[in-house]
Every structure is written in C-alpha cells, then in structure tokens.
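Down below is the structure, laid out as structure tokens.
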Amino acid sequence: MATDFSAYDDAIRNAFRELNATIAEARRELERFKERNKPTDEEISELHRLARSGELGEDMRELARLVDAGEDSWQAVFSGESPNRDLLHAHLDRMMAQNRDAVAEALADDPELEEARREVEGDGPGAPPAPPGARGQASSGPARPPRRDEPEDDDGIDDFDDYHPLR
C-alpha cells in the first residue's frame, strides 16, 4: 500500500511560496533602504572636501586622492564595491569609538529598538515560544534532526535532504 504524501508536498510548496515572497519583500525593503540612505551630491561634495583636507584622517585623504585621480568613486566606496572600502571602514570604526557613549545612549532611549531586542531575545509580544532547553527549560531531545552524514543515519532510508517539490 502506497502512502499519500500529497499533503506534505502541498505544505512544502506553500512553505516555498511563503519563503520566496518573504525574500522578495526583503529585497524590496533593502532597495528602499538603500535609496532613502543614499548620500546627496551635496553631502558627497562636503565629505570629499573634508577628506581631501585631511580633517577626516589620512585614510580618508587617500580615498579623496583616489577619487580625484579617477581610480575610485565615492559611490563604489559607499556600496562596498570599492577595493579601497577598508579605508572608509577604518574611518567609521574611529568615529564609532569616539562616539560610543553617545551612540549607546541614543540606542538605549529608542523604544522601537528595545521592542525589537525583546523579540529577538524571545521576550517581546511577537516572539515565538522558546525552544526546549532554552532559558532553563528541560530539553526533550536533540534540537535538530540528525544530518545525513552523521553516523546514526545509517538506516538506508532516503531522508529527502535534496528533495525539491518544484522540480
């Protein structure tokens, strides 16, 4: 007698649809974020002026020199596509270190950030229930099923690790 797996196939197809929709929405949100946070021409000009003058440090002066020479662009640096992006990262690291207390205070006073932190840590209103073994709960077994390459999976039964319902 054959077992009917159509309900499982449907559930997997629905899960893939939901996953794809979530990924698509995340990509759209990322593009909106990039667009909202793109520096203006005026901001780039001011940054370039300060970098060229050395006010922002030698690494930023070097970036300005590379941009002036046509060997790089601020757009490539900001997008992370520049091979010289580490020069910007060093500047940002210095700024964070110099302003660490102010940043910590601003973040501590942000109620949306606090709510997001509680949800991530499992304390917020939209947080999923904690898995067994989390925060002092007794664990009822392994947190995940064994992988195919683990010794206990020698029963000869295909675990459908490479199963894709849309093929």
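Values quoted throughout were computed directly from the atomic coordinates according to the rules given, and no laboratory measurement underlies them. Keep in mind that what you see is a predicted model, and the values were worked out from it rather than measured. Backbone-built Cβ (ideal geometry, glycine too); neighbour counts: all protein chains shown.
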Report the gain in length on full extension from residue 4 to residue 43: 0.36 nm times residue separation, minus Cα-Cα distance, nm rounded to one decimal. 7.8 nm
Virtual spin-label span in nm between residue 95 and residue 52, 7 Å along Cα→Cβ: 1.9
Under the Karplus curve 6.51 cos²θ - 1.76 cosθ + 1.60, θ = phi - 60°, whole-Hz ³J(HN,Hα) for the range 44-50, x wherever Gly or Pro sits: 5, 4, 5, 4, 4, 4, 5
With r as the distance between the Cβ atoms of residue 28 and residue 75 and R0 = 30 Å, compute the FRET efficiency 1/(1 + (r/R0)^6) and round to 0.05. 0.90
With a ≥ b ≥ c taken as the square roots of the eigenvalues of the C-alpha gyration tensor of the range 41-104, please select rounded if a/c is under 1.5 and otherwise prolate if a/b is larger than b/c or oblate if it is not? prolate
Segment residue 110-residue 14, extension gain: residue separation times 0.36 nm, minus the distance between their alpha carbons: 30.9 nm
